[in-house]
Amino acid sequence: MDRQTYLYDAKGKVLGRLATEIATVLSGRDRVDFTPHIDAGGHVVVINAAQVVLTGNKEQDKLYHRYSGYAGGLKSISVKDQREKDATKIIEHAVKGMLPKNKLANAMIRRLHVANDDTHGYQIHIDRTQLKK
C-alpha cells in the first residue's frame, strides 16, 4: 500500500472542519479505490495546533471529561486550559471522534502526527493546505 503524507496547517482553521478533512484522509475515503474493510489511508501531519479556532463560546464552555473508573474519579478540563496544557490533544480528540468505531481506528489514529508549532520531523509528500486554496 502506498501511503502518502499530507500536511495541514491549523492556523486560523475551525476545529470541526479541519477534523473532518483529516479523518477523511486517515480513513482513505478520499481515494478512488476506497474499501471500508481495508485501511488504505495516508499519514497526516498537522502544524500550528495551538492556533486552531473554535466558534462561539466553546473556548470556555466546552469540557473534555475523563473517568478513572473509581468513585469520584471524573475529571474535566476546558478547551482553554487544555490548549495551555497540550494543544495537540484538542485536534487528536476531535479527529478520533470522527473515525469509525472499529479495530481499524487504532491504526488510523497512529498515522496522525500533531505539532504545536511550525516544526515537525516528518517528510512531506503533499501539502494539503496548498491544494485547498
Practice problem: Considering every residue within the range 55-67, establish whether at least one is of a type in the set (A, V, I, L, M), touching a helix residue (DSSP H, G or I) at 6+ places or on another chain (Cβ under 9 Å), closer than 20 Å to GLY16 by Cβ and in a helix (DSSP H, G or I). | Solution: no
Self-check item: Scan of the range 1-46 for residues that are of a type in the set (A, V, I, L, M, F, W, C) and farther than 14 Å from GLU92 by Cβ, ordered by number
Solution: MET1, LEU7, VAL14, VAL25, VAL32, PHE34, ILE38, ALA40
Exercise. Could you look through the range 68-106, keep only residues that are of a type in the set (Ser, Thr, Tyr) and either touching a strand residue (DSSP E or B) at 6+ places or on another chain (Cβ under 8 Å) or in a helix (DSSP H, G or I) (or both), and pick out the one that is surrounded by the most Cβ atoms within 10 Å (Cβ to Cβ)?
Key: THR88
Exercise. Out of the residues in the range 19-41 that are touching a Lys or Arg at 6+ places or on another chain (Cβ under 8 Å) and not aliphatic (A, V, I, L, M), state the one that is surrounded by the most Cβ atoms within 10 Å (Cβ to Cβ).
Key: GLY41
Quiz item: Restricting attention to the range 64-79, does a residue exist that is closer than 17 Å to ALA10 by Cβ and not polar (S, T, N, Q)?
Solution: yes
Quiz item: Within the range 24-39, can one find any residue that is assigned to a strand (DSSP E or B) and out of contact with any Gly (no Cβ under 7 Å at 6 or more places or on another chain)?
Solution: no
Practice problem: Please name all residue pairs, on different chains or six or more residues apart, with Cβ atoms under 9 Å, provided the first residue is in the range 86-102 and is more than 12 Å from TYR64 (Cα to Cα) and in contact (Cβ under 8 Å) with a residue 24 or more places away in the chain and the second residue is of a type in the set (Ser, Thr, Tyr) and in a helix (DSSP H, G or I). | Solution: VAL95/THR20; MET98/THR20; MET98/THR24; MET98/SER27; LEU99/SER27; PRO100/SER27
Practice problem: Evaluate the range 8-18: report whether one residue or more is surrounded by fewer than 20 Cβ atoms within 10 Å (Cβ to Cβ), free of Cβ contacts under 8 Å to residues at least 12 places away in the same chain and under 16 Å from the mean Cα position of the chain (by Cα). | Solution: yes
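The numbers here are math on the coordinates, done by the rules we state, and not lab data. Quick caveat, the model's predicted, so the values are computed rather than measured. FYI the Cβ positions are ideal-geometry reconstructions off the backbone, even for glycines, and counts take in every protein chain you see.
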